[in-house]
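The values are calculated or read from the model by the stated rules, or taken from the named source; none is laboratory data. Since the structure is predicted, the reported quantities are computational estimates derived from the model, not experimental observations. All Cβ positions, glycine included, derive from the backbone under ideal geometry; neighbour counts span all protein chains shown.
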Amino acid sequence: MTRSDLPARDRTLPDELPDPGHIKLSDLSDALTLGWRDFRRAPVFGLAFSAFYVLGGWALASVAFASGQDWWLIPFILGFPLIAPFAAVGLYEVSRRIESGEPLDTSRILRVVFEQRQRQIPSMAMVILLLFMFWVFVAHTVFALFMGVSALTHITTSAEVLLQGRGLVMLVLGTMIGAGFAAVLFSFTVVGLPLLLDREVDFITAIITSCQAVAENLGVMAVWAALIAIWLFVAIVPGFLGLLVVLPVLGHASWHIYRRVMAG
């Protein structure tokens, strides 16, 4: 039984954590295989959790296109890896139950997810949202520096504007900055989020442990981060519909990577 299943009176003391271990590139392949297995085993949960992001993407796209400011989708798409990890919280619980042989009871899974509001995950969510909002602010600033302040309210997106001259330089620089934000938040959450669900620790300890895990496995984690970014981008291209499959598989796989890193 995970600490998230215990009553509050039994979760008063923090857990002792092992030092993060080493993983290999083959562990990524294994984790993805297990992630696909978990998604096929419980597709309803994956589709339900990822549907919120698909609907959110549609809503943002509708607002952007209706206002004639569809270029605003660019910082959202570049910044999506910042907020995607939070979608996986419910998927971690599904994978944990499959791993331990516990029943996939919908009410219990939803209860575990809902009870996280009394633990440390809301604090981690605030860190994620603040970084995402800061990224959006930086994206606005970069756009204004290259295209002019007036362009923020008058420009309409076209290939002629964004794919030549200053527009192209702006896209390259913005992508690099967005990648930096994503790398920081990846380091915070790749182990930190599943750790908060699985163990009784504060979110600062979870962030530190996650950063240590990334530092111990820098090459492998860099490959994993690149795979996540590429697959999320590909999933967004077909009207966000690819997220219905990509998000659940990556979420489940992230749980198995966490388990291997914190196997001690």
Practice item. Just need a number here: residues in region 88-121 that are over 20 Å from the mean Cα position of the chain (by Cα), under 15 Å from VAL44 (Cα atoms) and small (Gly, Ala, Ser). Key: 1
Review point. Going through region 206-244 one residue at a time, which ones are surrounded by fewer than 19 Cβ atoms within 10 Å (Cβ to Cβ), in contact with a helix residue (DSSP H, G or I) (Cβ under 7 Å, 6 or more places away or on another chain) and in a loop (DSSP other than H, G, I, E, B)?
Key: LEU241, GLY242
Review point. Only one residue in HIS256, HIS252 is touching an Asp or Glu at 6+ places or on another chain (Cβ under 6 Å) and crowded, with 20+ Cβ neighbours inside 10 Å, so which one is that?
Key: HIS252
Study note, to complete from the structure: Counting only helices (runs of 4 or more DSSP H) wholly inside region 58-148, the ones holding at least 2 residues that are exposed (fewer than 15 other Cβ atoms within 10 Å of the Cβ) and at pLDDT 70 or above are 89-100, 106-115, 121-147
Review point. For GLY21, all conditions in the list (1) part of a loop (DSSP other than H, G, I, E, B); (2) at pLDDT 95 or above hold save one; what is the number of the exception?
Key: (2)
Practice item. Please enumerate the residues belonging to region 186-235 that are within 17 Å of the chain's Cα centre (by Cα) and free of Cβ contacts under 8 Å to residues at least 40 places away in the same chain. Key: SER187, SER210, CYS211, VAL214, MET221, ALA222, ALA226, ILE230, TRP231, VAL234, ALA235
